[in-house]
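Data first, discussion second: the structure below is written as structure tokens.
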Amino acid sequence: MIAAWLFLYLGGLVHGLAVYGLEFQGPRFWILMIPVVLLPLPVVLKRHRPRTFDAVPTRPLASVGLLAALLFMRGLNLEHWSTPDLVPSGLVAVMGVASLWVALKDPLREDGALIWLRIGAWQLMGFLHPVMPLAGASLFAFLGAFGYLKPVPFKTCEAPPPRAFLAALALGLVLAKPWWDYSANPGWAPDLAAWGLGAALAYLRPLLRLGCRIPMKALYAALALLFVAYQPQWGWAWGLLLGLAWGWVWQRLERPLPFRRLSYGLLVGFVLSFALHANLQIPLLRHFIWLGN
């Protein structure tokens, strides 16, 4: 469930705001930032008020999050997301809080390869609308809170765990590249769907053993190469390779997953990636980022 929060909600939020624009002033910005601001709170509540994560608070919150997602998507069916409007911003914030709460209800939960296949499927749904993955995060939260998504045993990897913040930041830099290339065009969706499939393939036994033997420095080098080697016509192959590399990194992360460091790292990576691609008028920077594209 933490993966759904990271890659469907946080990723969908950053992508949606980049596509539709956001003024970083006024209450609407802080409303959208509520789930991010609340990231430290669940740890405190988990320690001092563990009953706040029982079924009674969690299931109603997940239901409200799903309802907010349905209302939000209904509005998008009628018109584009106007980020200065307070109501859509409030709905997105409710979706984020619900997704975060369910994800942290059981931080030791493992979803195996299936979570990456589901995330990939919802990324593909982005072909219908750029912020469709946001609704996927709320749906996962609802199904997880009511026990419809069963956890699976974790397949251990003996390799030393990487620094979660750095690993998430590196992925955020690379994973967002199709968004900036296609902007509002949905051509990015198959590439990110292939990324989800690649992460799921990393759980196959032969690939799992192989991934545990690869040094972490080599995986960082692979991420760096994929950062500069993205070509839209080969986006599906790029996504598969990126997903495979990330699947190996994910299996090495310490347990329970350090969700705050992962969240902040991924968010910084997305924002930094956007900032780099927003300054492509700088000749040297353009050639470095796109490598002939």
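The values are calculated or read from the model by the stated rules, or taken from the named source; none is laboratory data. Only a predicted model underlies this, so the values are computations on that prediction, with no experimental measurement involved. Neighbour counts run over all protein chains shown; Cβ positions are idealised from the backbone, glycine included. With ligands, DNA and RNA removed, areas are computed over all heavy atoms of the protein, side chains included. Shrake-Rupley method; radii C 1.70, N 1.55, O 1.52, S 1.80 Å.
Remarks
- Each stretch of four or more DSSP H residues adds -39500 (n - 2.57); spread over every residue of the chain, this sum gives -21000 deg cm²/dmol at 222 nm.
- Tensor-based shape of region 143-253 (alpha-carbon gyration tensor, a/c under 1.5 rounded, otherwise prolate or oblate): oblate
- Per-residue extension of 0.36 nm, minus the Cα-Cα distance of residue 121 and residue 184, leaves a gain of 20.8 nm for this segment.
- Protection proxy ranking, highest mean first, for peptides 43-51, 199-207, 91-99: 91-99, 199-207, 43-51, where packing is the per-residue count of other beta-carbon atoms within 10 Å, averaged.
- Fully extending the segment from residue 74 to residue 271, taken as 0.36 nm per residue of separation minus the present Cα-Cα distance, adds 68.1 nm.
- Accessible surface of region 155-249, 1.4 Å probe, proportion on carbon and sulfur as whole %: 70 percent
- When you count the other C-beta atoms within 10 angstrom of each residue and take the mean per peptide, 182-190, 111-119 line up highest first as 111-119, 182-190.
- Label-point separation, residue 45 to residue 152 (7 Å along Cα→Cβ), nm: 3.0 nm
- Average accessible area per residue (Å²) across region 143-245 - probe 1.4 Å, nucleic acids and ligands excluded: 47 Å²
- Spatially near lysine pairs across the chain, Cα under 24 Å, sequence gap of 8 or more or different chains: 6
- Identified option (computed Kirkwood radius over Cα pairs in Å; candidates [x] 19.2; [y] 18.6; [z] 20.3): [x]
- For residue 30 and residue 255, the FRET efficiency from 1/(1 + (r/R0)^6), where r spans their Cβ atoms and R0 equals 45 Å, is about 0.85.
- Whether region 99-201 is rounded, prolate or oblate, judged on the alpha carbon gyration tensor where a/c under 1.5 counts as rounded: oblate
- Point-charge dipole on Cβ atoms (K/R +1, D/E -1) for the chain, about Cα centre, debye to 20: 940 debye
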